[in-house]
Amino acid sequence: MSDKEEFLDIFSFVNSMYDSTRTKGELPESGQFCWVPVLEKERRPWVADVKRSAATTHDSAELEIRRFDDTRDFRGKEARLPVHALNLTENHELILSRAKKRLCLIIGKVDGVDASTLPLGVQRQKALNAFGSQYLLAPLYAASSQKKATSFGSVMCARIRSLMYPEFFWVPKSGGVIKEDSVIRLDHLFIDPLQCGSAPENHFLSTEAQAFVMDQIQVILGETPSEEYLQVRELLVEDLPDAFK
């Protein structure tokens, strides 16, 4: 899939996928790539069913690690003794998940609320830790290569390069930051404050490419994307070889 001339694709309509004129600032920005720990979500998550080891102390607890059970979990556990350090209510559960540090595209940012602008007392106290800055992120997953097969094989990649799927956007390897041809997964959008384990890169998606990404998000949201996007997508899908349809 390295030959970009075999059929029309997104590269035919974007002069440059990346913006070499932008430089990393003090704070991360939209369009910037950033390393972030990304949770690996499963359809049936692992639950750590926690119980106090003894009724008279909070110093130790026992965990039963098992798959989510719809008949037991998030249904109220009034008999469960509280573990002070975890602050679990009767309808809380501990969910276990692995996290992998992945390169992500910053889609957008919210700046939060300045708690000092709120009235003194409960309103300000509650706001101190409730409304911080958050970033909307889309993780990158590597496309298949001769060295390693991934979920994104040659047929999937050809379709993604032709904008067939609004939840995926193709980006080529670049500058030592994006080490493999990759797919931006808009179906895995998540938010993160970029405080723990994150590392912004001096690497940015171009304005042209960002516009296509935002159009695809519009499709996901059930809104109407730009006329340019619709025309380009129709042309690319029509030109896609039958072997990839």
Quiz item: Hey, does the stretch 125-132 have a residue that's closer than 26 Å to L230 by Cβ and either under 16 Å from the mean Cα position of the chain (by Cα) or in contact (Cβ under 8 Å) with a residue 40 or more places away in the chain (or both)?
Solution: no
Practice problem: Report those strands (runs of 3 or more DSSP E) wholly inside the stretch 175-245 carrying at least 1 residues which are assigned by TED's automatic domain parsing to the domain that holds V113, hydrophobic (A, V, I, L, M, F, W, C) and more than 15 Å from L163 (Cβ to Cβ). | Solution: 190-192, 199-204
Quiz item: Can we say S97 is touching a helix residue (DSSP H, G or I) at 6+ places or on another chain (Cβ under 9 Å) and over 26 Å from A211 (Cα atoms)?
Solution: no
Quiz item: Only one of these conditions is not met by M164: (1) in a loop (DSSP other than H, G, I, E, B); (2) modelled with pLDDT of 95 or more; (3) surrounded by 17 or more Cβ atoms within 10 Å (Cβ to Cβ). Which number is it?
Solution: (3)
Quiz item: Which ones in the stretch 101-159 are among the aromatic types (F, W, Y) and either part of a loop (DSSP other than H, G, I, E, B) or modelled with pLDDT under 95 (or both)?
Solution: F131, F152
Exercise. Tell me the strands (runs of 3 or more DSSP E) entirely within the stretch 10-99 that contain at least 1 residues that are at negative phi and under 21 Å from the mean Cα position of the chain (by Cα).
Key: 32-39, 46-52, 94-96
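So, S16, is that one in contact (Cβ under 8 Å) with a residue 40 or more places away in the chain and in contact with a Leu (Cβ under 9 Å, 6 or more places away or on another chain) or not? Explain how you work it out, then say what you get.
On the way: in contact (Cβ under 8 Å) with a residue 40 or more places away in the chain: yes; in contact with a Leu (Cβ under 9 Å, 6 or more places away or on another chain): no.
Taking the combined requirement at face value, the residue does not satisfy it.
The values are calculated or read from the model by the stated rules, or taken from the named source; none is laboratory data. Because the structure is a prediction, the values reported are computed rather than measured. FYI the Cβ positions are ideal-geometry reconstructions off the backbone, even for glycines, and counts take in every protein chain you see.
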